[in-house]
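Okay, structure first, notes after.
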Amino acid sequence: MPRNFYNQKIEDVAKDFATSVSSGLKASQIDGLRAQYGSNSLTSKKKVSIWQRFLAQFKDFMIIVLIVAALLSGFVAQEWTDAAIIMIVVILNAVLGVFQETRSEEAINALKKMATPNAHVRRDGQIVEIPSTELVPGDVVLLEAGDVVPADLRLTLTKSLKIEESALTGESVPVDKDSEPVNEKKLALADQDNMAFANTNVTYGRGEGIVTATGMTTEVGKIATMLNNTDETDTPLKRNLNQLGKTLTIMILLICAVVFVVGFFTKKGTEPTDKLAIDMFLVAVSLAVAAIPEGLPAIVTIILALGTQVMAKHNSIVRKLPAVETLGATDIICSDKTGTLTQNKMTVEQVYYDNQVHNSSNSINHDNHALMAMVLANDSKLDDNNQLLGDPTETALIQYALDQKIDVHNLLANHKRLQEVPFDSGRKLMSTINEDSGQYFVAVKGAPDQLLKRVTRIELDGKVSEITEKQKDEIMLSNQNMAKNALRVLGLAYKPVEQLYDDPATDNVEQDLIFAGLVGMIDPERPEAKEAIKEAHSAGIRTVMITGDFQVTAQAIAERLGILKPGQDERVVTGAQLDEFSDEYLEKHVADFDVYARVSPEHKVRIVKAWQAQGKIVAMTGDGVNDAPSLKQADIGIGMGITGTEVSKGASDMVLADDNFATIVEAVKQGRKVFSNIQKAILYLMSCNVGEVLTVFMMTMLGWDILAPVQLLWINLVTDTLPAIALGLEPVEKGIMKRTPRGKKSNFFSGGVASSIVYQGILEGVIVLTTYQLGLNFGPHMGNANLQHADALTMAFLTLGLIQLFHAFNSKYIHQSVFSKRTFANKWFNWAILISAVVMAAVELPFMTKFFDVTELNSTQWLIVLGAGICMIVIVEIVKAFQRLAGKK
């Protein structure tokens, strides 16, 4: 059977499905059809058990490195405390990973919840109510206002039927439906006016239709299939951590190899070969374990979690932690139009009367007949709190009247509706006959071209006269000018009559009308969106509009927002044109387009993939069911919290609590801050670990005393936690939104971080070794070698610990100087350094010295230790100054 049921005649569709429009399927056909087509329900891919998800977390390269380090630390080096800490970190990260990975199932479950539980069908000539899951192709379904369409239908009967399809198609207003075939080979879903689609909502009128698709073969079922088949994209954070793990592994293996080989051959002959080999292996393993920042995954998680709290205060609800950092790397924001860049609320923008176009902000006389036609020829409901219910186009007209300070309740009370000619998609008009001071007032609204056919007079400046052809041409020209600006235009007319109609119909009511005016409406752009797009542009982020709405509407809104310049028609492409593009062509030319109109869910996924093929990190915003596959495909999917469907939220990494595009830009700023702060934490941790490794390595190679395991463990405990976490709380750096996106190939070592880790780690090691030498040559125990060595080792131990706390200040800015007004702005950092310094220095308390195998230093020795820390800050700041100078040149 052909898929394009919209271009088939009703009788041909009925014949294809062996059904009857008047009596429906026969009971004898149902079982066979259900066996053939299955249940009318959505299915999700096979669920992965919690245990399988938990085990999958250990496939991460960094996690494998940490597990190996824990095993070596425990079984070989006998450092069971280190091993326990590493494994606790690994398990906590695995638990967090399992907790976060539920997006696909949530999206599919939300789709299922949208389905209506029951459907009214005609079977064997009788109307019966059945569970919607029991529908089969060929069933004849009856629809009324308020129903959720239970399956895809080819409409066979429509009576003023309107269906709200925005969640599926992106169309911002309910669609008028009819049953006539459309002679087009390929139409977008939004243009298939004789079809009704599963999970959309009937807002007005009634209709009937033959079921053409059920379950996973419906249009919403295809979206569910796409959700099931869409692979999760690796976030930049995940890629960076994997790369970091591999880099660490190579470094660790090199350290182990060098230490073992050099140490073995340097000390060969000093002790039995087998014992020497074991001793050097233990030294190499100890150094390798020291090189691993085992707290890094936990610190990254903490920084991300803290980032989510800050973003939540800015109305960005993060559903998956890595999304925080991904936002900061975003190159492209693919944004849905309706409800994201616009207000998703039809609004009167212009009113034409007395041969002039008036802005909606201009005052209008309360007895203006165009205004009266708007209010009276209107089915909106207005409650006691002036809350409007009804068709968005009609509620916009009432809202305009309210904004003009019209007492709508009073107007309706004084002009009670007595008769009406309901809207019909064929004639495209609606009329009401209302009381009017002993007479009757006919109010008419509808398509301007259809209205003018029935107009014989015109009102100008309160006077009524015969309308001329020239005046009709002027009216249609104004209509065209409004339409070019993407306004939805309605014509307004009226006439007074002395008595009610015996049989109100278009032939008598909608004749000999007086033209009153035109009204132009639009779903307006959000006031703050234009500024947000401008800020995103200054940050090197491109905004692309993708919508199911018409091309002229999308282009007009894009121009108003600054996404397009006026007249850039070549940068707008439609879904029909996209169908003509191969994937290769789209990937090559995707940067040529800024606006995509009348697109389908498949198109949105193709667009996202095309940008990703260009190496770009893509954020996709959306609120409808049709957005879900692309939300999941994107590097970061952003759902709408207010207008968004549960399906789109379930497929998203982040949800905007205020549906505000400007919130995305603020979230990008926070994401950039998070990445910058993680970089600072890595710079701090890695350079400190390099310093530790170099210190112990050189002490070993030179045959000096070596720091004890408990001392190394204490340094790691004191310096690797609070300061690193506090660096994650650094405020947003000035000018962070003036930088271009860092790119997909960048990592935590980019931007000079790698070289800084190396030289700062070496500098730290050299300063500690220098302090050790000073301790050997100065002090109160000169002449007593044992005590002098003990003092020197204590000074090296304290210097290695405290210098890292001094170095934490250097790490607040990778390239900028630490000497600024903002240096002490982070109170959490100040407290972290103070507490860590006190805890580190506590080893000098009399009752602690024996436990840590240290001596009590005098004031001169303490000055040397503190001076070493100050030297670290000064030397790094000098290097930064030269780097900035070189950068400017």
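The values are calculated or read from the model by the stated rules, or taken from the named source; none is laboratory data. Quantities reported herein were computed from a predicted structural model and do not represent experimental measurements. Backbone-built Cβ (ideal geometry, glycine too); neighbour counts: all protein chains shown.
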Test for residue 850: is it closer than 22 Å to residue 730 by Cβ, among the charged types (D, E, K, R) and either surrounded by fewer than 14 Cβ atoms within 10 Å (Cβ to Cβ) or in the same structural domain as residue 714 (by TED's automatic domain parsing) (or both)
no
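Working only within segment 561-577, note down all residues that are surrounded by fewer than 19 Cβ atoms within 10 Å (Cβ to Cβ) and either of a type outside the set (S, T, N, Q) or part of a helix (DSSP H, G or I) (or both).
Scanning segment 561-577 gives 562, 565, 566, 567, 569, 570, 571, 576, 577.
Yes/no matrix, rows are residues, columns are (1) of a type in the set (Val, Ile, Thr); (2) at pLDDT 90 or above; (3) within 30 Å of residue 673 (Cα to Cα):
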residue: 836; (1), (2), (3): no, yes, yes
residue: 845; (1), (2), (3): no, no, no
residue: 851; (1), (2), (3): no, no, no
residue: 866; (1), (2), (3): no, yes, no
residue: 874; (1), (2), (3): yes, yes, yes
residue: 883; (1), (2), (3): no, no, yes
residue: 888; (1), (2), (3): no, no, yes
Looking at segment 502-535, which of the residues that are within 27 Å of residue 462 (Cβ to Cβ) and in a loop (DSSP other than H, G, I, E, B) is farthest from the chain's Cα centre (by Cα)?
512
What are the pairs, 6+ residues apart or on separate chains, where a residue within segment 353-370 that is at negative phi and hydrophobic (A, V, I, L, M, F, W, C) has its Cβ under 7 Å from a residue that is surrounded by 11 or more Cβ atoms within 10 Å (Cβ to Cβ) and assigned to a loop (DSSP other than H, G, I, E, B)?
364/404
Mind listing just one residue for me: the one in segment 1-19 that is assigned to a loop (DSSP other than H, G, I, E, B) and of a type in the set (A, V, I, L, M) and, of those, modelled with the lowest pLDDT?
1
Qualifying residue in segment 732-742 (condition: closer than 28 Å to residue 830 by Cα, among the aliphatic types (A, V, I, L, M), assigned to a loop (DSSP other than H, G, I, E, B) and in contact (Cβ under 8 Å) with a residue 12 or more places away in the chain):
yes
Can you spot a residue in segment 389-405 that is over 40 Å from the mean Cα position of the chain (by Cα) and buried (at least 16 other Cβ atoms within 10 Å of the Cβ)?
no
Conditions (1) assigned to a loop (DSSP other than H, G, I, E, B); (2) at pLDDT 70 or above; (3) under 28 Å from the mean Cα position of the chain (by Cα); (4) closer than 18 Å to residue 220 by Cα: number failed by residue 173:
(4)
Looking only at segment 20-41, decide whether some residue is of a type in the set (D, E, K, R), modelled with pLDDT of 65 or more, assigned by TED's automatic domain parsing to the domain that holds residue 136 and touching a Phe, Trp or Tyr at 6+ places or on another chain (Cβ under 9 Å).
no
With a cut-off of at least 3 residues that are more than 30 Å from residue 516 (Cα to Cα), name the helices (runs of 4 or more DSSP H) lying wholly within segment 290-390.
296-313, 322-328
Single unsatisfied condition, residue 728 versus (1) buried (at least 17 other Cβ atoms within 10 Å of the Cβ); (2) modelled with pLDDT of 90 or more:
(2)
Which residue is surrounded by the most Cβ atoms within 10 Å (Cβ to Cβ), if the candidates are limited to segment 731-749 and must be in contact with a Phe, Trp or Tyr (Cβ under 9 Å, 6 or more places away or on another chain) and at pLDDT 80 or above?
742
Could you look through segment 141-161, keep only residues that are of a type outside the set (S, T, N, Q) and surrounded by fewer than 19 Cβ atoms within 10 Å (Cβ to Cβ), and pick out the one that is nearest to residue 220 (Cα to Cα)?
148
Residues to consider are 487, 513, 492; find the one that is in contact with a strand residue (DSSP E or B) (Cβ under 9 Å, 6 or more places away or on another chain), closer than 30 Å to residue 340 by Cβ, in contact (Cβ under 8 Å) with a residue 12 or more places away in the chain and crowded, with 19+ Cβ neighbours inside 10 Å.
487
